[in-house]
Amino acid sequence: MSWIRKGELTLIERLSANILKAGPMPKHVAFIMDGNRRYARKLHVERQQGHTQGFDKLAETLRWCLNLEIREVTVYAFSIENFKRAKDEVDGLMELARQKFSRLLDEQEDLEKHGVCIRVLGDLTLLPLDIQKLIAQAVLATKNHNKCFLNVCFAYTSRHEITNAVKEAAWGVEQGLIKPCDVSEFLLDECLYTSNSPDPDLLIRTSGEVRLSDFLLWQTTYSCLVFQSILWPEYSFWNLCEAILQYQLNHHALQKARDLHAEARVLRQLEADRCCAAELLQQTGLGKPLDPQLRQEAVQKYTAEREGRVHSFLTALQEKRDRFFTDLNKGSIASAKA
Amino acid sequence: MAVVYEFVWRMLHALLHLQRTLLSWFRIRIWNWTWRLWRRAVAAVLVPAVFGFQNHPHNNKKLVPTGCKKSCCRVLWKSDGKSLEKLPLHIGLLIAEEEPRYTDIANLVVWCMAVGISYVSVYDNQGIFRRNNSRLMDEILKQQQELLGLDSLKYSVEFLNNSTDKPEQQVLSCQATVKVLSPDDGKRGIVTAAQKFCQLVEQQQKRSTDLDVNMLDSLLRGTKGVPDPDLVMKFGTVASTLGFLPWHIRLTEIISLPSHINITYEHFFSALKCYAGCEQRLGK
């Protein structure tokens with residue numbers, strides 16, 4: 001497979017991997033693959049070469065992740081902000097994407113054999129139509145694979161993603177599927193592009209920069225952040241092991257913080273349900289029942305109704321998302337037949 | 001075989017923990033020693049400069065009054081701020097440690113003000129500062145007096161309380177705004193803004209397609225107009241933002257320091273120097 005390098009670890013790498021696996025391992029790792037252009041400058045080659053090497057390094061890193069049993073990887077391939085770059089660089093990156101997605105479609109058997117599910121996250125309407133169609137084909141072809149997951153953030157920024165999630169919730173209100181008070185952290189989680197993935201356990205950024213640059217801001221609130229100074233095309237297995245060690249050192253503290261947040265979230269939802277149930281009773285003229293048992297039943301009834309509304313909304317949302325890809329795919333099949 | 005790997009893993013982690021403890025111990029000792037030397041050197045140079053050279057040698061043997069020491073520090077800190085290539089407009093102090101020390105945090109806030117940073121946010125992921133808001137404010141005012149002396153009125157502080165839009169203390173000339181944050185300001189703030197927008201849509205005052213990044217940004221910012229943090233100084237060994245303002249930190253530099261306990265000005269300033277050296281390409 002062109003996206004996942006063939007090969008096995010050396011003996012020493014295997015031993016180190018086995019030692020690391022004795023401790024808690026991240027299930028989902030996110031990468032900000034920074035440093036391609038600085039690498040190209042360092043080697044006195046064209047920028048495009050730097051990006052190509054960057055893709056090769058991605059393929060190698062995905063191989064290491066599989067060897068380490070890290071089943072889900074999200075990568076920041078192209079930001080909406082990157083459209084500001086020089087036209088020839090943007091065109092070069094689009095051409096690279098075209099080549100790599102086309103190649104992916106030729107390797108469908110291999111992808112099926114290894115159970116690789118490819119997802120592309122971002123505002124795909126900003127991309128050239130032919131690339132949108134290639135992406136749609138790749139996503140639909142691998143939709144049901146479930147051994148490992150690769151999420152490619154392309155034409156993506158986190159603020160656009162969060163804004164889009166709020167827009168989807170507002171669409172749900174417009175359609176009469178949900179009420180404004182049904183909007184919660186859980187609902188917004190499900191409206192993000194990453195709704196099918198758990199939050200990343202570990203975020204790695206290369207090239208020495210120490211910022212998130214609008215990547216997975218919502219999803220990485222309790223992730224282990226590791227900033228490494230190595231340039232992305234120079235990334236090594238040992239750099240990855242170092243990052244995983246950092247994750248292991250932080251694991252207990254982060255789990256504790258995450259649990260605290262989850263607990264607070266549950267309590268907040270319960271409180272919100274209580275308020276809404278009480279308001280509803282007020283509106284229906286029944287007033288606040290004195291019997292705590294009746295109050296409890298009213299809250300439970302409200303919670304069940306709310307969950308029902310949210311479930312219908314999320315089903316409709318999933319259908320809307322699937323339609324986007326199937327429509328694009330129909331377009332490609334039609335133009336292929338013509 | 002699995003038992004062997006586990007044993008090696010445990011030894012490795014024990015060594016790493018030991019290394020972290022030793023490094024932290026050394027760092028504190030070396031910083032404190034360097035800072036004492038630096039202060040003596042500065043006092044020797046700046047005190048005569050501030051008060052003029054005097055010809056009577058025995059005057060120099062007099063103890064420098066406290067007010068003079070505070071003046072030196074103030075002058076030094078102000079010039080430190082000016083000497084940096086860039087200074088953050090808004091700094092976030094993320095305390096990722098179990099037990100916060102109010103005096104040390106107050107020192108940090110006062111140093112931020114003294115070097116010329118306009119907005120300071122203080123955050124912890126358990127909401128401790130939010131619950132003890134007044135205690136923190138009192139400590140900041142006390143340290144302001146302690147460290148900046150008579151001119152503390154010039155460095156007036158506006159405390160922003162999130163429950164109302166009115167500042168807690170009205171001051172004549174506002175030099176710095178201090179905000180106390182908790183996880184409620186993070187994702188929960190975004191949820192509240194989302195609910196507000198959905199209410200407008202329900203009332204047919206807006207359509208879902210009207211929303212864009214700028215509109216959501218203004219809904220989140222409200223009327224206070226505090227800019228996004230340029231820098232987050234994270235204190236503690238936990239490598240995470242722990243829920244600190246996820247929307248606002250898209251371009252924020254995150255610099256980690258081992259601890260806020262007994263933090264020295266030198267250590268704080270070295271983090272600012274690190275920030276001044278960062279280059280932002282903004283996608284280009």
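Only the coordinates and a few stated rules stand behind these numbers; no lab work does. Note that the structure is a prediction, hence the values are computed from the model and not measured. All Cβ positions, even for glycine, are placed from backbone atoms using ideal geometry, and neighbour counts span all protein chains on display.
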Spacing of the two label points (7 Å from each Cα toward its C-beta) at A:Asp291 and A:Glu319, in nm: 4.0 nm
Packing-based exposure ordering (other Cβ within 10 Å, fewest first) of A:Leu294, A:Leu104: A:Leu294, A:Leu104
Computed over the range B:90-142, Kirkwood Rh from alpha-carbon pairs, angstrom: 11.3 Å
Test item: B:112-124 mean partner chain Cβ contacts at 10 Å: 0
Burial ordering of A:Ser195, B:Ser240, A:Ser184, fewest other beta-carbon atoms within 10 Å first: A:Ser195, A:Ser184, B:Ser240
Radius ratio Rg over Rh of the range B:77-277, counting only Cα atoms, Kirkwood formula for Rh: 0.99
Chain A: Cα Rg divided by the 2.2 N^0.38 Å rule of thumb: 1.14
Pairwise label distance in nanometres, A:Asp327 with A:Lys301, each label 7 Å out on the Cα-Cβ vector: 4.0 nm
Paired Rg and Dmax values of the protein assembly as shown, which use every Cα atom, in angstrom: 27.5, 101
Peptide-level mean, for B:8-19, of C-beta atoms on other protein chains within 10 Å: 3
Cα radius of gyration and Dmax for the range A:148-301 (Å): 21.1, 69
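So what's the back-of-envelope 222 nm ellipticity for the protein assembly as shown, counting only DSSP H runs of four-plus at -39500 (n - 2.57) apiece and dividing by all residues, rounded to 500?
-18500 deg cm²/dmol
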DSSP beta bridges in the protein assembly as shown [antiparallel fraction, %, rounded to 5]: 0 percent
Amide hydrogen neighbours beyond the local backbone of B:Ser121, cut-off 5 Å, H modeled: B:Ile91, B:Gly92, B:Leu93, B:Lys179
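Find the all-direction average of the projected area of the Cα convex hull for the range A:21-98, expressing the result in square nanometres with one decimal place.
Orientation-averaged projected area of the Cα hull: 6.2 nm².
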Reach of B:Lys273 by Cα under 19 Å, taken over aspartates and glutamates that are not fewer than 8 positions away in the same chain: A:Glu209, B:Asp80, B:Glu85, B:Asp230, B:Glu253
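Please state, rounded to one decimal and in Å, the Kirkwood hydrodynamic radius that the range B:194-284 gives when every pair of distinct Cα atoms enters the mean of 1/r.
For the range B:194-284, inverting the mean 1/r across all distinct Cα pairs yields 16.2 Å.
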Of A:Lys6/A:Lys57; A:Lys100/A:Lys330; B:Lys142/B:Lys224; B:Lys82/B:Lys284, those spanning more than 19 Å from alpha-carbon to alpha-carbon: A:Lys100/A:Lys330; B:Lys142/B:Lys224; B:Lys82/B:Lys284
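For a footprinting-style exposure proxy, rank B:Trp9, B:Trp77, A:Trp238 by other Cβ within 10 Å, fewest first.
So the residues, fewest neighbours to most, are A:Trp238, B:Trp9, B:Trp77.
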Span-rule helices in chain A, defined as complete DSSP H runs reaching 15 Å or more along the axis (Cα) with Kyte mean at least 0.0: A:129-141
Number of partner chain Cβ atoms within 10 Å, mean per residue of B:179-188: 3
Per-residue HN-Hα couplings for the range B:78-90 [Karplus 6.51, -1.76, 1.60; θ = phi - 60°; Hz; x = Gly/Pro]: 4, 6, 4, x, 5, 6, 7, 4, 8, 10, x, 7, 10
Chain lengthening between A:Arg103 and A:Gln283 when straightened (0.36 nm per residue, less Cα-Cα): 58.8 nm
All Cα pairs of the range A:163-245, percent lying beyond 20 Å: 49 percent
Across B:Lys86/B:Lys179; A:Lys27/A:Lys167; A:Lys87/A:Lys133; A:Lys167/A:Lys320; A:Lys27/A:Lys133; A:Lys27/B:Lys196, pairs whose alpha-carbon gap is larger than 25 Å: A:Lys27/A:Lys167; A:Lys27/A:Lys133; A:Lys27/B:Lys196
